[in-house]
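The next block holds one structure in the form of structure tokens; read it before the comments.
The values are calculated or read from the model by the stated rules, or taken from the named source; none is laboratory data. What you see is a predicted model; the values in this text were computed from it and never measured. Methodologically, a virtual Cβ is constructed for each residue, glycine included, from the backbone with ideal geometry; neighbour enumeration extends over all protein chains shown. SASA here: full protein model, heavy atoms, side chains in, ligands and nucleic acids out. Shrake-Rupley method; radii C 1.70, N 1.55, O 1.52, S 1.80 Å.
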Amino acid sequence: QVQLVESGGGLVQAGGSLRLSCAASGSISIIAAMAWYRQAPGKQREFVAAATNGGTINYHDSVKGRFTISRDNAKNTVYLQMNSLQPEDTAVYYCQALSLSRAYWGQGTQVTVSS
């Protein structure tokens, strides 16, 4: 089992920045990749960014050039640095850890961007 705890959400004005953190605990060795997803009100959860153990990184087109995902393996933590935030980035952001057999999710952290 893997437990994930997100932090760092909040309210920010358009053009501002936030950094989300997700700390993993439990069976860390089974994690193959970590990712961020988000879910806006009335919308489906969508992929934001992912980083594999091998160093492959992917982003949703809408956040390329503005968001950066990084991992600190010593702290078992994944970060999402979000710059140039826009109102359309408003959502609950969820951390995901992937093993070979299943996905684990955090409880989510709210990000609200005011115009």
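Miscellaneous remarks
- Taking the listed residues VAL78, VAL5, VAL92, the one that is closer than 16 Å to VAL113 by Cα, in contact with a strand residue (DSSP E or B) (Cβ under 8 Å, 6 or more places away or on another chain) and part of a strand (DSSP E or B) is VAL92, with no other qualifying.
- Inclusion of ARG19 among residues that are outside any loop (DSSP other than H, G, I, E, B), open to solvent by 50 Å² or more (accessible area, probe 1.4 Å) and of a type in the set (D, E, K, R) is warranted.
- Single condition SER27 does not satisfy, out of (1) of a type outside the set (A, V, I, L, M); (2) surrounded by 14 or more Cβ atoms within 10 Å (Cβ to Cβ); (3) in contact with a strand residue (DSSP E or B) (Cβ under 7 Å, 6 or more places away or on another chain): (2)
- The single condition from (1) over 20 Å from LEU85 (Cα atoms); (2) open to solvent by 50 Å² or more (accessible area, probe 1.4 Å); (3) part of a strand (DSSP E or B) that ALA51 fails is (2).
- Checking ASP89, ASP72 one by one, the residue that is of a type in the set (Asp, Glu) and over 15 Å from ARG45 (Cα atoms) is ASP72 and no other.
- The set of residues in region 1-16 being open to solvent by less than 50 Å² (accessible area, probe 1.4 Å), within 18 Å of GLN107 (Cβ to Cβ) and either touching a helix residue (DSSP H, G or I) at 6+ places or on another chain (Cβ under 8 Å) or not acidic (Asp, Glu) (or both) consists of VAL2, LEU4, GLY8, GLY9, GLY10.
- Conditions (1) open to solvent by 20 Å² or more (accessible area, probe 1.4 Å); (2) in a strand (DSSP E or B); (3) in contact with a helix residue (DSSP H, G or I) (Cβ under 8 Å, 6 or more places away or on another chain); (4) not basic (Lys, Arg): number failed by VAL111: (1)
- Residues that are part of a strand (DSSP E or B) and among the small types (Gly, Ala, Ser) were ranked within region 95-108; the one that is least open to solvent (accessible area, probe 1.4 Å) is ALA97.
- Long-range neighbours under 9 Å by Cβ, at least six apart or interchain, first residue free of Cβ contacts under 8 Å to residues at least 60 places away in the same chain within region 45-63, second acidic (Asp, Glu) and assigned to a strand (DSSP E or B): HIS60/GLU46; SER62/GLU46
- Scanning region 38-48 for residues that are open to solvent by less than 50 Å² (accessible area, probe 1.4 Å) and either under 13 Å from LEU98 (Cβ atoms) or over 12 Å from the mean Cα position of the chain (by Cα) (or both) turns up just one, ALA40.
- Restricting the first member to region 101-115 and to residues that are within 11 Å of THR90 (Cα to Cα) and at pLDDT below 95, and the second to residues that are in a strand (DSSP E or B) and open to solvent by 40 Å² or more (accessible area, probe 1.4 Å), the beta-carbon pairs closer than 9 Å and six or more apart or on different chains are SER115/GLN13.
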